[in-house]
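Chemist: One structure follows; several queries about it will come next.
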Amino acid sequence: MKARRMRGTYTVEFAITGLVLFVVLFGMLEMGRLFFTINALNETVRRGARLAAVCDISDPVVLRRAIFNAATDSGASSLINQLDTADLSLVYLDEGGATVASPGDTASATGFRAIRYVELRLQNFTFNFLIPGFGGSFTLPVFRSTMPRESLGRHAEVGVAPGITPC
């Protein structure tokens, strides 16, 4: 008789324990997704700054390749949901850290020759939780990577046309 009355108690205990277990499990999955996204965004800005330091300034492929797309793919990132090239901002800096106004101007001393650093920024990226009840979405902080300029797509060898560096 006592075992018969205890059946309902086991069901209630399982419901409470199961709810806590599933909340912890799904919370861990969402935190894993968040850490993956943060690491992928860090790699995106690092990769993009590296490509911008060695590729031609006017090459549109740099930002597409930075978001892990093929050179011909102009859509959103194939790796990170909701990441597009419009989210990235590429800036060329002089030796004092000020933005170079006309980086494509090869004749001017304040143009191409003034570039010393390449900086890629990603800001206002919104991370959306997939599981309801975990806060919806929030904006991640600014991701930024600054690298010293290298060839910027130009070659010093005689007979090699500028802008030849494949990206």
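The values are calculated or read from the model by the stated rules, or taken from the named source; none is laboratory data. Just so it is clear, the structure is predicted and the values come from calculations on it, not from any experiment. So basically every Cβ, Gly included, is an ideal-geometry build from the backbone, and we count neighbours across all protein chains shown.
Chemist: Given the structure, is Leu41 surrounded by 17 or more Cβ atoms within 10 Å (Cβ to Cβ), outside any loop (DSSP other than H, G, I, E, B), at pLDDT 85 or above and under 15 Å from the mean Cα position of the chain (by Cα)? Give the steps one after another, and end with the answer.
Modeler: Details: surrounded by 17 or more Cβ atoms within 10 Å (Cβ to Cβ): yes; outside any loop (DSSP other than H, G, I, E, B): yes; at pLDDT 85 or above: yes; under 15 Å from the mean Cα position of the chain (by Cα): yes.
Spelling it out, Leu41 is indeed surrounded by 17 or more Cβ atoms within 10 Å (Cβ to Cβ), outside any loop (DSSP other than H, G, I, E, B), at pLDDT 85 or above and under 15 Å from the mean Cα position of the chain (by Cα).
Chemist: Looking at Phe134, Phe127, which one is in a strand (DSSP E or B), within 30 Å of Met31 (Cα to Cα) and at pLDDT below 95? Break it down stepwise before answering.
Modeler: On the way: Phe134 fails: in a strand (DSSP E or B).
Answer to the selection: Phe127.
Chemist: Can you tell me how many residues in region 95-129 are in contact with a helix residue (DSSP H, G or I) (Cβ under 7 Å, 6 or more places away or on another chain) and of a type in the set (A, V, I, L, M)?
Modeler: Summing the residues that are in contact with a helix residue (DSSP H, G or I) (Cβ under 7 Å, 6 or more places away or on another chain) and of a type in the set (A, V, I, L, M) in region 95-129 gives 4.
Chemist: Looking for whichever is aliphatic (A, V, I, L, M), surrounded by fewer than 16 Cβ atoms within 10 Å (Cβ to Cβ) and at pLDDT below 85 here; the options are Ala98, Ala107. Which one fits?
Modeler: Details: Ala98 fails: at pLDDT below 85.
Just one listed residue meets the conditions, Ala107.
Chemist: Which residue pairs have Cβ atoms under 8 Å apart, sit 6 or more places apart or on different chains, and have a first residue in region 52-67 that is over 18 Å from Pro148 (Cα atoms) and a second that is acidic (Asp, Glu) and surrounded by fewer than 20 Cβ atoms within 10 Å (Cβ to Cβ)?
Modeler: Qualifying pairs under 8 Å: Arg64/Asp73; Ile67/Asp84.
Residue-wise test of (1) within 30 Å of Ser89 (Cβ to Cβ); (2) in contact (Cβ under 8 Å) with a residue 12 or more places away in the chain; (3) loosely packed, with under 10 Cβ neighbours inside 10 Å.
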{"position": "Lys2", "(1), (2), (3)": "no, no, yes"}
{"position": "Thr9", "(1), (2), (3)": "no, no, yes"}
{"position": "Phe14", "(1), (2), (3)": "no, no, no"}
{"position": "Phe22", "(1), (2), (3)": "no, no, no"}
{"position": "Val45", "(1), (2), (3)": "yes, yes, no"}
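Chemist: While we're looking at this one, here's another question. Got a number for residues in region 71-102 being in contact with a strand residue (DSSP E or B) (Cβ under 7 Å, 6 or more places away or on another chain), among the aliphatic types (A, V, I, L, M) and either assigned to a loop (DSSP other than H, G, I, E, B) or free of Cβ contacts under 8 Å to residues at least 40 places away in the same chain (or both)?
Modeler: Summing the residues that are in contact with a strand residue (DSSP E or B) (Cβ under 7 Å, 6 or more places away or on another chain), among the aliphatic types (A, V, I, L, M) and either assigned to a loop (DSSP other than H, G, I, E, B) or free of Cβ contacts under 8 Å to residues at least 40 places away in the same chain (or both) in region 71-102 gives 2.
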